[in-house]
Amino acid sequence: MISLHDVYLSLGSGHSRVDILRGIDVDIDRGQSVGLVGPSGSGKSTLLMVMAGLEQADRGKVLVEGSDLSVMDEDTLARFRGAQIGIIFQSFHLVPTMTALENTAIPLELAGRADAFDIAKAELEAVGLGHRIQHYPAELSGGEQQRVAIARSLAPRPSILIADEPTGNLDAETGKEISDLMFRLHKERGMTLMLVTHDPNLADRCERVVRLKSGQLVETPHHDETETLN
């Protein structure tokens, strides 16, 4: 489903150049859930963005569903991402002037789907917000806003779900509700799930855990995941 081979990415130039990813090699199976952990600044979010085609690697190969993202132009990449990859961020990134229904329908409308609002309504019902579809983000709790963000990411029925600290802005109880929802939908829909988290309990729910350290990946068994994740 996802294959990265000898991927490098740096920021800056000259003396200010910083290596973010250094020779990343990893293969993710279809339908697998993978927790990506490691210290702050180790490049976890950058790696997710490379997988989603939102960041361009300096060198190396990034294959998603057999397609090489590095050879796609921006328009082709945007269409591919819109169809294949759902993304959930720590900050919900909802449009404040749009209702939950309108926010959820955004990727479908961009894809020209005539049934965008019907699908969006069904997705909001799937995340338990069928009664809140006409509410604006400011009228929703943090957990409800993240549910809208999940519904929006899943509306195009992507084969891959990428989540960057999806519970980071939520209290413990709400965070558990959101993680329960995310893993349930992952299982029901057979999606591949890539999850960045500082929470070892959340990472341990994944079928596989990998650690990013100094821009390189190290496979980590669940039972060894006792180190503090800063």
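Table for the structure above
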{"read-out": "Relative contact order of the chain, pairs being alpha-carbon contacts under 8 Å that are 6 or more residues apart, as %", "value": "28 percent"}
{"read-out": "Per-residue [θ]222 nm for the chain (sum of -39500 (n - 2.57) over DSSP H runs n ≥ 4, rounded to 500)", "value": "-10000 deg cm²/dmol"}
{"read-out": "Alpha-carbon spread of the chain, three principal axes, descending order, Å", "value": "50, 41, 34"}
{"read-out": "Those trypsin sites (Lys or Arg not before Pro) in the stretch 4-108 that DSSP places in a loop and that have at most 16 other beta carbons within 10 Å", "value": "Arg17, Arg30"}
{"read-out": "Alpha-carbon centroid distance for the pair the stretch 94-112 / the stretch 1-75, whole angstrom", "value": "28 Å"}
{"read-out": "Only Lys, Arg (+1) and Asp, Glu (-1) charged, at Cβ; the chain dipole about Cα centre in debye", "value": "160 debye"}
{"read-out": "Anchor Lys44: lysines whose Cα lies under 16 Å away (excluding residues fewer than 8 positions away in-chain)", "value": "Lys213"}
{"read-out": "Cα-based helix-to-principal-axis angle, 142-154 vs the chain, degrees rounded to 10", "value": "80 degrees"}
{"read-out": "Carbon and sulfur %, accessible surface of the chain computed with the full protein complex present, 1.4 Å", "value": "48 percent"}
{"read-out": "Antiparallel DSSP beta bridges within the chain, as percent of all bridges there, nearest 5", "value": "50 percent"}
{"read-out": "Options Met72, Tyr8, Ala138, ranked by Cα towards positive dipole end of the chain, top entry (Cβ charges)", "value": "Met72"}
{"read-out": "Those lysines that a straight Cα-Cα span of less than 30 Å connects to Lys121, excepting residues fewer than 8 apart in one chain", "value": "Lys176, Lys187"}
{"read-out": "Degrees, to the nearest 10: 116-126 long Cα axis against longest axis of the chain", "value": "80 degrees"}
{"read-out": "Helix 74-84 vs. the chain, principal-axis angle (Cα, 0 to 90°, nearest 10)", "value": "70 degrees"}
{"read-out": "Residue with peak Gaussian network fluctuation, the chain [Cα springs, cutoff 10 Å], from Met182, Met191, Met72", "value": "Met72"}
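The values are calculated or read from the model by the stated rules, or taken from the named source; none is laboratory data. Being a predicted model, the structure only gives us computed values, none of them experimental. Quick reminder, even Gly has a Cβ in these numbers, built from the backbone with ideal geometry, and neighbours come from all protein chains shown. For accessibility, only protein heavy atoms count, side chains too; no ligands or nucleic acids. Shrake-Rupley method; radii C 1.70, N 1.55, O 1.52, S 1.80 Å.
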